[in-house]
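Just so it is clear, none of the values below were taken in a lab; they were calculated from the coordinates. Computed from a predicted structure; not experimentally measured. All Cβ positions, glycine included, derive from the backbone under ideal geometry; neighbour counts span all protein chains shown.
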Amino acid sequence: MPISYRTGAAGAALLCAALCTALAGCSAGEPVATAEPGTPASRPATGAAPGPATETPATGTPAPAGTARPRFTEIARLDMPVAMALRPGDDTLYVAEQSGRLRAITGGEVAEEPVVDLSEEISRGNEQGLLGVAFHPEEDFLYLNWTDRDGHTHVTEWAFDGRRATGRRDVLVQRQPYANHNGGQLAFGPDGHLYIALGDGGSGGDPQGNGQDLGTWLGKILRIDPRGRPYTVPEDNPFVGEKGAKPEIWSYGLRNPWRFTFDRRTGDMWIGDVGQNAWEEVDFEPAGEGGRNYGWNLREGRHPFRGGAKGGTVDPVIEYPLGEGGNCSVIAGYVYRGTKLPGLTGRFLYGDFCAGWIKSAPADRPGEGRDVGRVEQLSSFGQDHDGELYALSLTGPVYRLEAAP
């Protein structure tokens, strides 16, 4: 789950009250393990960030006509679900349990046997375990992002035909200096390449300076073709050929990008980057524009952190304060492109793990969102082939967003 070690007695007091039943070692004054965890015409011009927010804050403000809050219908219950993906041509929902198993849900029924079982191989810290899943868009391969018993990150491939997972191999491995900030998201972009989120390596405040260091994968989103030996770096990655830079890097300056998603209509990327002590942020990346620096650890959100601003850094399009109303960890969702909830069309959904709220904001003018609903311990979102959305709770339920009666 998107857990982050934050420091300070105030943060400990705030979050222990809500989370000590789920999290170990929560005590004031010590490092705290706290939960991190439109239409085409509405899209901003290529290369431009969305415009400033003009939306009325959700609190106390009724939604406009036709934008009623959706209903969250439980369709299954699993053990700590944290990520969801679909195979091309297959309506089965594949959900990763942080405890180590990849589960298949078909027609609301959970298959008795897991697709993959890593429960005896994973580490089990708050931010460790099985964290991400993706399926190749053109070939019969699945990919999992998980941490081994020593806490190191693996992106592992299996051949999978819908019945059996065989031929396991590691695509890449990243040694982790600390137990937290592992990222974990995997997703194939509209270009057919695999994008991989890695946190800054952990502890607090990025003590190794990994977010701004192009010589490490930590604090980055990577982009590769996983079908190479062991993978291939796309020639148009932004740092290919740059001395001292890892060619796999696509974007950098990230603290713990627990979840990122692609807009299925525009190809734009939305990144939820979990904050340190004061601010949670969502970053926006126009389709195909790699090489962007999102600022960590020079700053947190739009605010100076260690060294302040640096030329060329990119502001988040959404930020909100840590601690206010129980906020602790941003969870990035999707821009809604389904048909069953027309009031959400073209709106980006996101939420917070501790506070449990889910909000939506127009993709072309993101900012303070409008309330959509609540999910206790929201861990992730999912999207099916029709663009309909799902919400996962670390407490077990998998919800489908539907039109209220």
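Looking at the square roots a ≥ b ≥ c of the eigenvalues of the Cα gyration tensor of region 314-405, which shape do they give, rounded for a/c under 1.5, prolate if a/b is larger than b/c, or oblate?
oblate
How large is ³J(HN,Hα), in whole Hz, for each residue of region 322-329 in order, when computed from phi with the Karplus curve 6.51 cos²θ - 1.76 cosθ + 1.60 and θ = phi - 60°, using x for Gly and Pro?
5, x, 5, x, x, 4, 8, 7
Residue-wise, which Karplus ³J(HN,Hα) couplings in Hz belong to region 191-203, taking 6.51 cos²θ - 1.76 cosθ + 1.60, θ = phi - 60°, and x for glycine or proline?
Values, residue by residue: 8, x, 8, 8, 9, 10, 9, 10, x, 7, x, x, 6 Hz.
With a 10 Å Cβ neighbour count serving as the proxy for reagent exposure, in which order, fewest first, do Trp146, Trp217, Trp357 appear?
Ordered by Cβ neighbours within 10 Å, fewest first: Trp357, Trp217, Trp146.
Would you kindly state how much longer the chain becomes between Thr92 and Asp191 on full extension, computed as 0.36 nm times their sequence separation minus their alpha carbon distance, in nm to one decimal?
Going from the current span to full extension adds 33.3 nm.
Checking the a/c ratio against 1.5 first, then a/b against b/c, what shape does the Cα gyration tensor give for region 185-294?
oblate
Find which of Ala179, Tyr195, Gly308 sits farthest along the positive direction of the dipole of region 73-402, computed with +1 on the beta-carbon of Lys and Arg, -1 on that of Asp and Glu, about the Cα centre.
Sorting the options by dipole projection puts first Gly308.
Please give the Cα centre distance for region 345-405 versus region 228-258, rounded to the nearest Å.
30
Suppose every K and R has +1 on its Cβ and every D and E has -1 on its Cβ; what is the size of the dipole of region 73-402 about the Cα centre, in Debye to the nearest 20?
Roughly 420 debye for region 73-402.
In whole Hz, what ³J(HN,Hα) sequence does region 368-385 give by Karplus (6.51, -1.76, 1.60; θ = phi - 60°), x for Gly and Pro?
So the Karplus estimates, Gly and Pro as x, are 5, x, 9, 4, 10, x, 9, 9, 4, 6, 4, 10, 5, 10, x, 9, 9, 5 Hz.
Among Arg71, Arg229, Arg103, Arg255, which comes first, then next, by fewest other beta-carbon atoms within 10 Å?
The most exposed by this proxy come first: Arg229, Arg71, Arg103, Arg255.
Going by how many other Cβ atoms sit within 10 Å of their own, how do Asp206, Asp315, Asp268, Asp161 line up, fewest first?
Exposure proxy ranking, most exposed first: Asp161, Asp315, Asp268, Asp206.
From the Cα gyration tensor of region 73-402, with a ≥ b ≥ c the square roots of its eigenvalues, which class applies: rounded if a/c is under 1.5, or else prolate if a/b is larger than b/c, or else oblate?
Rounded, since a/c falls under 1.5.
Provide Rg and Dmax in Å for region 77-173, with only Cα atoms included in the calculation.
12.5, 37
Roughly how many nanometres apart are two label points built 7 Å out from the Cα toward the Cβ at Lys243 and Arg124?
4.9
Quick query: amide H of Ser251 versus all other amide H atoms, modeled in the peptide plane; which residues come in under 5 Å with a sequence gap of 5 or more or a different chain?
Ile221, Gly291
Rounded to the nearest 0.05, what FRET efficiency do Ala403 and His303 give with R0 = 30 Å and r taken as the Cβ-Cβ distance? Could you check?
With R0 = 30 Å, the Cβ-Cβ based efficiency is 0.15.
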